[in-house]
Amino acid sequence: MTLRILVVGAGISGLAAARGLRIAGFRPDVVEELPASMAPGAGIYLPGNASRALRLLGLDAPLRPLGDLIFRQVFQDSAGHELFELDVAGLWAGVGESRALSRADLQQVLLTGVGGAVRYDTAVRDLDLIDGAAKVEFGDGSVAEYDLVVGADGRRSMIRQKAGLGGPAVPTGQIVYRSVVGGGPALSDWTALLGHRSQFVAMPMGGRRLYIYADETAAPDTPGPADPVVRLRELFADFGGCVPAILDAVEKVQVARTDEVAIDRWSAGPVLLVGDAAHATAPSLAQGAAMAMEDAVVLGEVLKGAGGDVGAALRAYEQRRRHRCHQVRERTHERDRTRDVPPEERDALLRKGGQQIFADHYRALVEPF
């Protein structure tokens, strides 16, 4: 079957979607408004279900040499005293390995999976739905028609807006700080220190480097920090454990505000939203990339199974994906609600039952999708 397919966005979601479509026998066009030179910074943590999705996309082999495997998650209070441990390897046994690695390395694996066929510096200016097709106008003034447009353009999706599928993403009230640190303390585990409405997470990501993820709760109108490195050191100055040595080694910090997307429909005519464009959440469960990769597997399967009937495929896609993504959002909200519990009360609760509580957040995701 021959379908004209356009994937908008060449981040994790878009490249994964393109790979899923190629495995199913389609040859989508992939466009990205940013230049090819804009390599992603920082790192990323991939839980076991993300590794399973990459295996189904045929990309597990090039991933194996990259980053560091994560076998345990260690949760501590702000002083560095242990609250509980989570056996990550046991949790995801039979599903996939958990791994921390460079985002740029993951991006390269995905890019190789689509043959590198991405048109960079190519924005979508407009989108019209006409007689079951999508007419797309690009930034250079050219126009093309497609049988399917896949919006993989992230939380601030222009495709979502143009297709009338929803408004702007809603802020979750968190400011996140990300960094890659060399020369810091030697860590073998994913390690989180929980403070009052803040947390500091560090994990090995290969090459004697640590991937750092930290956050704080802040009102949406709170100004961003003038100097992210200074703010990070100020915010976690009283933390113990591995934090002081890491803060000493930090040189550069990326800052972002988290938001979520919860919309009634993911498709309109021949337009479908995937990844963060459809169901972004706060990154508390590290499921953004995993959900995008699962989306990609399912999209290829349903489109191939529908024999080219785009409408039937998109209906089947939403039926398979909605409940699972809704579960992730609900579990994310549950995890984030612990931020508002006073530390003395929360820490006592987590010492007693944290292992069970946090493992339960992932139970449903162990199951096939």
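The values are calculated or read from the model by the stated rules, or taken from the named source; none is laboratory data. Just so we're clear, the structure is a prediction, and the values are computed from it rather than from any experiment. Neighbour counts run over all protein chains shown; Cβ positions are idealised from the backbone, glycine included.
At-a-glance table
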quantity	calculated
Residues located in the stretch 21-53, provided they are of a type in the set (Ser, Thr, Tyr) and at pLDDT 95 or above	Tyr45, Ser51
Index of the failed condition, Gly173 passing every other in (1) touching a residue at least 24 places away in the same chain (Cβ under 8 Å); (2) surrounded by fewer than 13 Cβ atoms within 10 Å (Cβ to Cβ); (3) farther than 18 Å from Val7 by Cβ	(2)
Options Arg257, Arg265, Arg315; residue that is over 27 Å from Ser98 (Cα atoms) and not in a helix (DSSP H, G or I)	Arg265
Count of residues meeting criterion [closer than 19 Å to Phe358 by Cβ and either without any contact (Cβ under 8 Å) to a residue 24 or more places away in the chain or not hydrophobic (A, V, I, L, M, F, W, C) (or both)] in the stretch 62-85	9
Contacts under 9 angstrom Cβ, first residue in the stretch 241-252 being within 9 Å of Ser179 (Cβ to Cβ), partner among the hydroxyl-bearing types (Ser, Thr, Tyr) and crowded, with 20+ Cβ neighbours inside 10 Å, 6 or more apart	Ile246/Ser179; Val250/Ser179; Glu251/Ser179; Lys252/Ser179
Qualifying residue in the stretch 345-358 (condition: surrounded by fewer than 19 Cβ atoms within 10 Å (Cβ to Cβ), modelled with pLDDT of 95 or more and either within 21 Å of Arg22 (Cβ to Cβ) or in contact with a Pro (Cβ under 6 Å, 6 or more places away or on another chain) (or both))	no
Selected residue [at pLDDT 95 or above, farther than 26 Å from Phe71 by Cβ and in a helix (DSSP H, G or I)] from Ala18, Ala10	Ala18
Members of the stretch 202-226 that are closer than 23 Å to Arg337 by Cα, of a type outside the set (A, V, I, L, M, F, W, C) and part of a strand (DSSP E or B)	Tyr213, Asp215, Glu216, Thr217
Hey, Val302 without any contact (Cβ under 8 Å) to a residue 40 or more places away in the chain, of a type in the set (A, V, I, L, M) and either under 21 Å from Val8 (Cβ atoms) or touching a strand residue (DSSP E or B) at 6+ places or on another chain (Cβ under 9 Å) (or both) or not	yes
Residues satisfying the stated conditions in the stretch 316-361, i.e. over 23 Å from Thr217 (Cβ atoms) and under 18 Å from the mean Cα position of the chain (by Cα)	Arg321, Arg322, His323, Arg324, Cys325, His326, Gln327
Residues of the stretch 213-234 satisfying the condition of being without any contact (Cβ under 8 Å) to a residue 60 or more places away in the chain, surrounded by 16 or more Cβ atoms within 10 Å (Cβ to Cβ) and touching a strand residue (DSSP E or B) at 6+ places or on another chain (Cβ under 6 Å)	Ala214, Asp215, Glu216, Ala218, Pro228, Leu232
2 or more residues of a type outside the set (D, E, K, R) and surrounded by fewer than 17 Cβ atoms within 10 Å (Cβ to Cβ): qualifying strands (runs of 3 or more DSSP E) within the stretch 91-170	124-130, 143-146
The listed residue being in a loop (DSSP other than H, G, I, E, B) and at pLDDT 95 or above, out of Leu66, Leu83	Leu66
Residues satisfying the stated conditions in the stretch 256-312, i.e. crowded, with 24+ Cβ neighbours inside 10 Å and at positive phi	Gly275
Pair list, Cβ < 8 Å and 6+ apart or interchain, from the stretch 339-361 residues that are at negative phi and in contact (Cβ under 8 Å) with a residue 24 or more places away in the chain to residues that are in a helix (DSSP H, G or I) and among the charged types (D, E, K, R)	Phe358/Arg335; His361/Arg331; His361/Glu334; His361/Arg335
Residues that are over 17 Å from the mean Cα position of the chain (by Cα) and either β-branched (Val, Ile, Thr) or not in a loop (DSSP other than H, G, I, E, B) (or both), drawn from the stretch 171-201	Gly173, Val180, Val181, Gly182, Trp190, Thr191, Ala192, Leu193, Leu194, Ser198, Gln199, Phe200
